[in-house]
Structure formats: structure tokens, C-alpha cells
Amino acid sequence: MAGAPRKFQSALYYHNPVRLVRMRSESNDSKTPVSKRVSRKIRVSILGSTGSIGTQTLEIARLFPDKIDIVALSGGKNVGLLEQQAKEFLPECVVIGSSEAGKGAQSRFSCPVFVGEKELARAATWERTDIVVTALVGALGLLSTVAAIKTGCRVALANKETMVIAGDLIQDLAMKFGSEIIPIDSEHSAIFQCLLGESKSEISRLILTASGGPFRERALNTFGSISKKEALSHPNWEMGPKITIDSATMMNKGLEVIEARWLFDIPQDKIDVVIHPQSIVHSMVQFVDGSTKAQLGVPDMKVPIQYALSTPSRWPASHPVVSWQEDQKMTFSSPDPIRYPGLLLAFEALRIGGSMPCILNAANEVAVHLFLTDKISYQSIPSLVRRVMDHCSEHEEFSIEARLESDRKARRVAEELAGTANH
Ligand code: MG
């Protein structure tokens, strides 16, 4: 591959099925007659198996027992659910991230149990794992995702913060270790599918769709009284609480813009966001000849999760599919920056570059947590993020460790500012 531009070798543009084909047949030695060969199952490890993406991944594993073997499960505090999952899927190991919750837990499991945040990397690097689903929420997922990438396996990436905090570094690592990163985020899964077989130089724009969240039509002068319950009821998608709040402020879409910038190596001025309340078009790519490709489907996270496991194949759908015989109304409009302050903040962080997207993400995690624990109001979420960004300067050093330091510092600053700000 000498001489070829590094970024062009990314599996994201020219998806290479060779690795999976090899993976599926390597259990058959060459002496086995072809007619008798059976493909072995895909060995899957889940980081964050008790969360929203994790449990949906297990639903898919339940539907395809002939294709998927769950080899490692990991979660945070919910040991009861981990125990149930382990009984059903019989993994080879379980990791409990919370040292407190994991105390004395070994007796409840029939496989080895590892306890503590540092042990999460063990689930990410479990022996002969083909695919690691990284579904840990927040910055916690970064180190275990890095560990998974270093094994050269496929990473089914649901932890968008990994790309937000260190997308530039992660892509280089994936290239170095030959790991393919397949996005689980529905927008990025859509773009990934639209880009198969396409050339990067012929892309005109990436267009991410956004549902507009629960406050798309709410009067702006009532935003001061938005309650937690209102912010947690998303009209289209069923997701965890943090991402549901992020989709109301559109910080989620902002983080997705940053994620797309690094996943597909496209500058931010070629990335657009449009509001599409029906959530049928999951994202689009416009090409230089004026053609637009889109991926459409029902708003169900199981679709991109299943695709990240099955690609380059497609497995039969178990969920309802779009019926094109019925009237399907689809509308598109551009987002109002006052209604959705998270989007502007994210574009600004990307423009500043370096560690600023990491600072943005850390500040937002703290702000959303403070809102969910009734410490600050809904409107204080973006204002706190803004103040942290103004307070922290962008870090020049490009390493995972430096990013994690920026992350810790931004969290401290956010807590301090929130504490002194009398929200
Ligand atoms: Mg998404």
C-alpha cells in the first residue's frame, strides 16, 4: 500500500469483506471437505451489556444463536441484570466495572468475574474475540475501545465520545492495528452504508438528520420551565437518559458531527445537519454529480446494531420494516441555533480543534448529570458548557493521555463553575 494516502486505506470507504470471510472459516482446516465445512460463530464481546445498546445487542444475539457467540459481558453497577444475562448467554468472562457492586459477586456467576474499571479492558481484549461492541456511556469507553482496537478486531462503536474525545488519534490507531470501526450510531451507520464503493474525493456533503427532539415545536419563551420528565420523553427513539437529553439540546447531533468528521475524514464545513422529524431517513451523502444517497428504515437501534455485526452481509429483519405502500410523509428543515444551542457549540469546538471537542464533551456530561440530578435547569446545560469552553484552553499535545487529562480538567472546571454559579 506504499504511496497511497493513509486515510484512503480506511475500511470505511472501501469496505473489505475479506477479514470477516477469513474469520468465519478459520475454524475449518484445509483437510475438511468443503461440503462438510461449517462457518464458526462470530465471537462477540459487549462493553456495557446492561445499558440500552447492550441489551439490544443481546436481543439480536438471541435471534441469531447460530451466528453469534457472546464471549464477554461487562457492565457497571447492575450486577443483577449481568447475572441474568450470563445465565442466558453463558459468556467466558464477566467484568463488573463498579468495585463496590462487584464485591463478592463471583459466587453468583459460573464463569470468571473481574471487578473494577481497569478490568473493562479485559472484556475488550478477550481471547479470539471477533467483534467488540463498545457501548459504555461517556468517556469511560475510550480506554477500553483503544484496547479493543489494539487487538485488530472489529469495533462496533456505539460510544461516540471515543471519536469526540480523540477521533483524530483513534483513526490512526485503527489503521495501524488493522482494526475496522463500524459505527452503531444510526446516522453514521447510514453514511457508512451510503459510502460503500464510493470515493472520498467525489463526496460533496455529509447530511446528518436529526429528529428535532421533544422541543421542536415548543415556544422558546417557555424553555425556562422545562422539566426533567419533559426532556426525557423523546418522540421517536428509545434511548438512555443522557443521550435523550443530548438530543433535546441537539448536543447529541453536535457530537455526531464531530464523530462523522473523524470517522469519515471529512472537514466540518462539508457536514450539514437537517431536521427530519419522521426519523425515516437516517442520514445522507450528496456527491459531486448532484446525486444524493440515503439509508432509510424504521427508527430502531437494532437495525444499525445488527448491521455492525453482520456487515458485509445482511441478516433478516425481526423488527417491523417501513411499508412503502402507505403514505410516508417526509419533511426536512434546517435547525434553529437558539432552540438547539448544542449544535453551534460543537461546530465551534471542532473549529478550535485539538482537545476542545473533548472539553465540550466533558462539560456536557457534567451539565447533563447536574440536570438529571435536579441541580441545574435545562437552560443551564448549554450555558455551563459554554463557560467551561471559555475557561479551558485547548491543549496542544496529541496523545490519548493528554486528552484524558483535558477531560478530567474540564469536569473539575464544570463542577466548580456550577457550584459557584448558584444555578
Ligand atoms: Mg445517533
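The values are calculated or read from the model by the stated rules, or taken from the named source; none is laboratory data. The model shown is predicted, which means the values in this text are computed figures rather than measured ones. Cβ: placed from backbone, ideal geometry, glycine included. Neighbour counts: every protein chain shown.
General observations
- Some residue of the range 219-236 being under 20 Å from L345 (Cβ atoms), surrounded by fewer than 24 Cβ atoms within 10 Å (Cβ to Cβ), without any contact (Cβ under 8 Å) to a residue 40 or more places away in the chain and touching a helix residue (DSSP H, G or I) at 6+ places or on another chain (Cβ under 8 Å): no
- Test: residue in the range 296-314 that is under 20 Å from A210 (Cα atoms), within 16 Å of the ligand (Cβ to nearest atom) and of a type in the set (K, R): yes
- Strands (runs of 3 or more DSSP E) enclosed by the range 104-204 - at least 2 residues per element that are outside the structural domain of F347 (by TED's automatic domain parsing) and more than 16 Å from the ligand (Cβ to nearest atom): 113-115, 131-134, 154-157
Residues checked against (1) outside the structural domain of K270 (by TED's automatic domain parsing); (2) at pLDDT 95 or above; (3) surrounded by fewer than 24 Cβ atoms within 10 Å (Cβ to Cβ):
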residue	(1), (2), (3)
I338	no, no, yes
F347	no, yes, yes
N364	no, yes, no
L384	no, yes, no
R387	no, yes, yes
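- Selection status of I245, over 23 Å from T57 (Cα atoms), within 16 Å of the ligand (Cβ to nearest atom) and within 20 Å of the chain's Cα centre (by Cα): no
- Residue, farthest from A248 (Cα to Cα), within the range 277-290, restricted to residues that are touching a helix residue (DSSP H, G or I) at 6+ places or on another chain (Cβ under 7 Å) and surrounded by fewer than 22 Cβ atoms within 10 Å (Cβ to Cβ): V288
- Selection of the range 210-241 for residues being under 19 Å from P341 (Cβ atoms), assigned to a loop (DSSP other than H, G, I, E, B) and not aromatic (F, W, Y) yields S211, G212, G213, P214, R216, E217, R218, A219, I226, S227, H234.
- For the range 259-276, the count of residues that are under 23 Å from K329 (Cβ atoms), at pLDDT 95 or above and surrounded by fewer than 20 Cβ atoms within 10 Å (Cβ to Cβ) is at least one.
- Residues within the range 258-299 that are assigned to a loop (DSSP other than H, G, I, E, B), under 12 Å from L206 (Cα atoms) and under 20 Å from the mean Cα position of the chain (by Cα), tallied: 4
- The criterion of at least 2 residues that are among the polar types (S, T, N, Q) is met, among helices (runs of 4 or more DSSP H) falling completely within the range 331-423, by 356-372, 380-391, 400-420.
- Entry remark, the range 340-379: residues being charged (D, E, K, R) and touching a Lys or Arg at 6+ places or on another chain (Cβ under 8 Å) number 2 in total.
- Failed item, numbered, when L63 is tested on (1) at pLDDT 95 or above; (2) in contact with a helix residue (DSSP H, G or I) (Cβ under 7 Å, 6 or more places away or on another chain): (2)
- Per the conditions (1) in contact (Cβ under 8 Å) with a residue 24 or more places away in the chain; (2) away from the ligand (no atom under 16 Å from the Cβ), the sole criterion not satisfied by I258 is (2).
- Annotation note: of D265, D327, the sole residue that is over 20 Å from G212 (Cα atoms) and touching a residue at least 40 places away in the same chain (Cβ under 8 Å) is D265.
- In the set G354, G342, only one residue is surrounded by 14 or more Cβ atoms within 10 Å (Cβ to Cβ), of a type outside the set (V, I, T), in contact (Cβ under 8 Å) with a residue 40 or more places away in the chain and in contact with a His (Cβ under 8 Å, 6 or more places away or on another chain); that residue is G354.
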